[in-house]
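Everything on this sheet refers to the single structure shown next.
Each reported figure results from applying straightforward, stated rules to the coordinates on display, with no laboratory input. Just so we're clear, the structure is a prediction, and the values are computed from it rather than from any experiment. Positions of Cβ are generated from backbone atoms using ideal geometry, with glycine treated the same way; all protein chains shown enter the neighbour counts.
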Amino acid sequence: MSYLTESLKIEILMMIGYGDRARTQCEVVRLFRETHPDLPPLNQGTISKIEAQYREMGHVRKVPSKRQAVVDDDTKLNLLLVLEENPITPARQLACDKEIIKSRNELKHSIEANEARLLLKIEAANNQIAALEKENRELKKRIEQIENLNRKKNRILFGLEEQTDIIPQFICQKLNSLLDIDLCESNISNLYPIGKSETPPIKVEFSSYSKKNLVIKNCHKLKGKNISIANDLSVKQREDNKL
C-alpha cells in the first residue's frame, strides 16, 4: 500500500505492541481504522509484511528492488551540490563522495530504526507499569477489605484508669461489672494499649461476633460514666467519617 509512509508503519508497529501487551492483527486493523478514518483500510497481510520486515531488517523503510540502484534523494542532492561547486570533479572523486554520502544516510536510517525500536520498548514498559500500578491498587484495596473485616470483631475502650494489669481477666471483669454481662477470658483473643499515654485506649479483639455484639448491645449502660466504647476504624474510615 503506497499510502503507508514510514511514520505510519512505525505507528502500526506501536499499535501491535510488545511482549504481553501485544495486540492481535484484528485489533490493529480496528485501531488503525479508528485512528485514521480518512485512509484506506488496513489488512492483516500488510501488517504481517511490516512486522516481518522490522524483525528481519530493523527498519520499515521502503526497500528498493535488487535491479534498482540504491540512490536516495539525499544522495542525489548532495552529488548535485558537489558538481555545482566543482563541475570538473573526477568520476573517481564522485564515486568516493557517493559512498560517503551513502554511509552517512545508512547511519541516519540506522539511528531512526533504533529510535523506533526504543519507542516500542518504552510503550511496552509504560503498559507494564500501568498494569502493575493497577494490580497494586487492587491489592491495597483487597488488603484494606480484609483488615476492615477483621476490625469488625474489635472494640476500643476509652477511660480505663486502672491500667496496671491489662490482661483479659481484668478486661472481662471490668466489662462484666459495667455492662452487667457474662464474658470470660476465652471470649477475648487479644488486647493491647494504643499509644504511650498514662491511660491509653485499649483495643480489644473478641473471639466471636456474638460476644462483640453483646458488648455493643449493652453500651447504653455506660451513659453518665467516664468510660466509652468505640468502633475500631481504619485511618481511611476515620477520614471518611469526618466528611
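Extent along the principal axes, Cα only, for the range 131-243: 54, 27, 26 Å, with the longest axis given first. Under a model in which nothing but the beta-carbon of Lys, Arg (+1) and Asp, Glu (-1) is charged, the range 152-242 shows a dipole of about 440 debye around its Cα centre. Applying the criteria of a DSSP loop state and at most 12 other Cβ atoms within 10 Å to the GluC sites (Glu not before Pro) of the range 165-243 yields Glu198. Here Gln44 and Ser110 are evaluated by their C-beta separation; at R0 = 35 Å the FRET efficiency comes out at 0.75.
In terms of overall dimensions, the range 20-65 has a Cα radius of gyration and Dmax of 12.0, 35 angstrom. Hydrodynamic radius of the range 179-243 by the Kirkwood approach over all distinct alpha-carbon pairs: 13.7 Å. Each residue, Leu119 and Gln25, gets one label point 7 Å from its Cα in the Cβ direction; the gap between the two is 2.3 nm. Across the cross-link table entries Lys62/Lys121; Lys152/Lys236; Lys62/Lys108; Lys196/Lys221; Lys121/Lys141, which are compared at the Cα atoms, the separations over 19 Å belong to Lys62/Lys121; Lys196/Lys221; Lys121/Lys141. Sequence-ordered 3J(HN,Hα) estimates for the range 145-157 from the Karplus curve with 6.51, -1.76 and 1.60 and θ = phi - 60° stand at 5, 5, 5, 5, 5, 5, 5, 5, 8, 9, 9, 10, 9 Hz, glycine and proline given as x. Note on Lys225 and Lys152: the extension gain reaches 23.8 nm, defined as 0.36 nm multiplied by sequence separation minus the Cα-Cα distance. R0 = 30 Å: FRET efficiency of Arg61 with Arg33, Cβ-based, nearest 0.05? Calculated transfer efficiency: 0.80.
Applying a DSSP loop filter and a limit of 14 other Cβ atoms within 10 Å to the trypsin sites (Lys or Arg not before Pro) in the range 105-165 leaves Lys152.
Spin-label model, Ala52 to Ser208: label points 7 Å out along the Cα-to-beta-carbon direction sit 7.2 nm apart. From the alpha carbon centroid of the range 184-208 to that of the range 127-148 is 30 Å.
What the Cβ-Cβ distance of Ile216 and Glu239 gives, at R0 = 30 Å and to the nearest 0.05, is a FRET efficiency of 0.85.
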